[in-house]
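Below is one structure, written out as structure tokens; the observations come after it.
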Amino acid sequence: MKKLFKIALGIILIIIFIIIITSISIYNFGWNSKPVKSDTAIILGCQVYGSEPSPFLMWRCDEGLRLYKDGIVSKIIVSGGKGQGENISEAQAMKVYLISKGMDESDIIIEDKSASTAANLINSNKIMKQYNLKTAVIVSNKYHLKRASLIAKSLGINASYSGVFVTPYKNHEYYGFIREIPALMKYYIVKVYSLVK
């Protein structure tokens, strides 16, 4: 009985250790990432309310627009398909928003087929090759950047990262951070499994 207890305790401690390490990894990457001058920004999709960008998506767009206006990027790829309860695709909502803020429509490239972070980056990578764009700044919420970076690296995307923290919605940010922990752990597990298979 004592042996079983020790084994169970050991497993619990290992899981706690992995969760702590994963959390630190997400935090450090998100809060320390800095954009560098690149050919394009890739704004990863997020929920649209009807036809309007959600606050998270709006802040991502504002960050992409800042990079554009500061001359860090010359193009923006808006990436995201049409989800449940959305009247238009996330990409289209982003395009409309960016144009309303004064961005030149000719510098916006739409990717409106994806429904996940991996699909965002796979499809955006194809667009980069099509338009001969060699480097990118990937824009999302800070907690999302670590996993996005791993996917981008696996695809061979030469990228830097720029994250947002939506201060009026701190509880949503904390919830997103917590959700990202198992998502990143799952990514590592699937990656390891694919290597040993």
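The values are calculated or read from the model by the stated rules, or taken from the named source; none is laboratory data. Source: prediction; values computed, not measured. Quick reminder, even Gly has a Cβ in these numbers, built from the backbone with ideal geometry, and neighbours come from all protein chains shown.
If I ask for residues that are surrounded by 17 or more Cβ atoms within 10 Å (Cβ to Cβ) and of a type in the set (D, E, K, R), which ones from region 140-197 would you list? If the condition is that a residue be surrounded by 17 or more Cβ atoms within 10 Å (Cβ to Cβ) and of a type in the set (D, E, K, R), then LYS142, LYS146, ARG147, GLU173, GLU180 are the ones that fit. Scanning region 159-187 for residues that are touching a residue at least 40 places away in the same chain (Cβ under 8 Å) and over 11 Å from TYR143 (Cβ atoms) returns ALA159, SER160, TYR161, SER162, PRO168, TYR169, MET185, TYR187. For region 1-56, which positions are in a helix (DSSP H, G or I) and surrounded by 13 or more Cβ atoms within 10 Å (Cβ to Cβ)? Selection gives ILE18, ILE19, THR22, SER23, SER25, ILE26, TYR27, PHE29, GLY30, PRO55, PHE56. Mind checking which residues of region 120-139 are surrounded by fewer than 21 Cβ atoms within 10 Å (Cβ to Cβ), closer than 24 Å to GLU86 by Cβ and either touching a Lys or Arg at 6+ places or on another chain (Cβ under 7 Å) or of a type in the set (Ser, Thr, Tyr) (or both)? Scanning region 120-139 gives a single hit, ASN123. Cβ separations smaller than 7 Å between residues 6+ apart or across chains give the following pairs from region 3-22 residues that are closer than 12 Å to MET185 by Cβ and touching a residue at least 12 places away in the same chain (Cβ under 8 Å) to residues that are in a helix (DSSP H, G or I) and not small (Gly, Ala, Ser): ILE18/MET185; ILE19/ILE181; THR22/ILE181; THR22/LEU184; THR22/MET185. Only a single item in (1) surrounded by 20 or more Cβ atoms within 10 Å (Cβ to Cβ); (2) without any contact (Cβ under 8 Å) to a residue 12 or more places away in the chain is not met by ILE99, and it is number (1). If only residues of region 142-197 that are small (Gly, Ala, Ser) and assigned to a helix (DSSP H, G or I) are counted, the one that is modelled with the lowest pLDDT is SER194.
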